[in-house]
Amino acid sequence: MEFDAKNLQWTREPEEYSITQERIEIITKAHTDLWQRTYYHFRNDNAPVLQMSTREPYFSFLVKTEFESGHRFDQCGVVLYLDSENWLKASVEYENETYQHLGSVVTNHGYSDWATTAIDASVKSMWYRLSRRESDFCVECSMDGVNFSQMRICHMWEGHDEIRFGIYACSPEDSSFKAVFTGMQITECQWPAHDGQAPDEGL
């Protein structure tokens, strides 16, 4: 499997964007987001998502994001969007002039969680690597595209057989910014098989 921009398909096509094999740009629209229920109790499902489909059970997808975000909650990153109630995303989300949230959201059966760490507001680029091992997924991040750190391991209850994965960008409040995606490639799975404790019997 190789990355080919011709295989990408929109879920909610934005008004302004450009796509080439090497570079994708999205201009976000105000009041767009992905979130389901938890804590805030609202549901937002209108962010533009650009993805390709696969049944390949083991692979890694890499992408570099560059962003001109400067308003609260502006975000862009990697996504695996199956439907409105089953998806995961990882991004840098702008908060204020001091810090941003580097984090990930996993949504299973209509409920989202959010795991974050604070990073400096001066950070304006981030690499992500999304790896699949059947219905389990690993999301990693990197400042240089070489040295990756684990952000999250998760299970997607609807993540078996065919999935869709790619990129997204959105501006939940009254703002807009340009998100740029480069360095996109698909490789053999870079998430090694577990070599520690054996699985419980019957699993």
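Overview of results
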| item | result |
| --- | --- |
| Total charge dipole magnitude, the chain, about the Cα centre, Cβ charges on Lys, Arg, Asp, Glu only, Debye to nearest 20 | 180 debye |
| Accessible area of region 87-130 belonging to carbon and sulfur atoms, whole % at 1.4 Å probe | 50 percent |
| Percent of Cα pairs exceeding the 14 Å cut-off, where the set is region 26-104 | 68 percent |
| Listed residues ARG12, ARG164, ARG72, most fluctuating in the chain (Gaussian network, C-alpha, under 10 Å) | ARG12 |
| Mean separation of Cα contacts under 8 Å (6+ apart) over length of the chain, as relative contact order % | 30 percent |
| GNM top mover of ILE163, ILE19, ILE186 - the chain, alpha-carbon springs below 10 Å | ILE19 |
| Computed Kirkwood radius, in angstrom, where 1/r is averaged over Cα pairs of region 88-162 | 13.3 Å |
| Relative contact order, percent, region 47-145 [alpha-carbon distance under 8 Å, six or more residues apart] | 27 percent |
| Per residue, the convex hull volume that the Cα atoms of region 106-203 enclose (Å³) | 172 Å³ |
| Listed residues ASP113, ASP144, ASP74, most fluctuating in the chain (Gaussian network, C-alpha, under 10 Å) | ASP144 |
| Largest to smallest principal axis extent of the C-alpha atoms in the chain, angstrom | 52, 39, 30 |
| Accessible surface, per residue, of region 116-199 when the full set of protein chains is kept, probe 1.4 Å, Å² | 50 Å² |
| Accessible surface of region 135-203, 1.4 Å probe, proportion on carbon and sulfur as whole % | 46 percent |
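The values are calculated or read from the model by the stated rules, or taken from the named source; none is laboratory data. What you see is a predicted model; the values in this text were computed from it and never measured. So basically every Cβ, Gly included, is an ideal-geometry build from the backbone, and we count neighbours across all protein chains shown. Each accessible area value is taken on the protein alone, full model and side chains, heavy atoms only, with ligands, DNA and RNA left out. Shrake-Rupley method; radii C 1.70, N 1.55, O 1.52, S 1.80 Å.
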